[in-house]
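Okay, structure first, notes after.
Just so it is clear, none of the values below were taken in a lab; they were calculated from the coordinates. Predicted model only: the values in this text are computed from it and were never measured. Note that we place each Cβ from the backbone using ideal geometry, even for glycine, and neighbour counts take in every protein chain shown.
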Amino acid sequence: MEATKQQFEDFVKKIAGYPVTWGNLITTPLPQLLKQRYALYTLHIGNRSFLGIYLKNKIEFKPATFEKHLQQVWQNITEYDAYCVITQDLPGYVRQRMVERKIPFVDIGRQLFWPELGAAYQQKKLKASPPVVKALSPATQAVLIYALNDGIQKPVTPKKLAEQLGYTPMTMTRALNEIESIKLCSVKRQGKERFLLPEHKEMLWKNARPFLHNPVKNVKRIMEKDLPENQRLAAGETALAQCSMLTLPKEPVYALWNRYWKKLSKTAQTIPIEDEGTCQLQLWHYNPALFAAEGRVDPFSLYLSLQTERDERVESALEKIMEKLKW
């Protein structure tokens, strides 16, 4: 394996011009099927870290199946916002399909397709088709939720969005790419800069909804006293009850960015069953505090988190909240 790592580092540096370090194995829990097919590593390039996904089984590798597996990987990995597949001697047809699907990869010694590095090397010229966006990344959804909550009053650059939302400029650049690719908002170019322009909120909400997903990644039950008061952001049915006639749930429901859970879990014990003094803590894909008002999550994210509920009371309360919004 050490020889493979060295070959990878030498190849990427030779082709892309960037010094690369293949780091340590990541020991995050994964389903057994994924463990059999992939090994996860940290890739260090300059001051950025990528998730390296090494293919253990090249014979059964299919790009379309990999994209489904990738969604499962992201559920367990939160500290990276980009990845690269690492392999050797993939068939040319498979490599072409990966380029068409915009899957970044390094086939050591043969081909590099890694657009984020600003370089794409291939033995044969391949025509890439536009990516098909079915659901937006959490960072892109955060940008749209920000816009829906009147955060974007004037044209804004990826750099400015990064400062306001706590992401890297590169992540915000990718967010604009996604938004522009499905024409959800207007993106204006001025020299080397790109600007995301304000949009009419009602139309933006209507057009974006098919691409938006539930912001809740996971739910933990902890003792309410273990959650600092400054992090008690009402969510779920608790937030819904606060702005409707719905009765408060027995257990308070709060929202927290999943990136903060690791630190909190050191002092907050997970409780398996509902008990006196417990609360439900929703761990979100993006930071709910960015768009919160009056101590609860914003109405658009609240709607997305509860839209699959089959309780008629919840459905009715949600619709009334959305009807009250000032577009």
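A few comments on the model shown:
- For the peptides 82-89, 296-303, 186-193, the ranking by mean Cβ contacts within 10 Å, running from highest to lowest, is 296-303, 82-89, 186-193.
- FRET efficiency, Glu312 to Glu276 (Cβ-Cβ, R0 30 Å, nearest 0.05): 0.55
- Inter-part distance where region 1-47 and region 216-265 are each reduced to a Cα centre, Å: 37
- Sequence-distant lysines (8 or more away, or on other chains) whose Cα lies within less than 22 Å of Lys13: Lys5, Lys102, Lys124, Lys125
- Using the Cα coordinates of the chain, the gyration tensor eigenvalues translate into equivalent-ellipsoid semi-axes of 38, 25, 17 Å, sorted from longest to shortest.
- Convex hull volume of region 1-65 per residue (C-alpha atoms, cubic angstrom): 114
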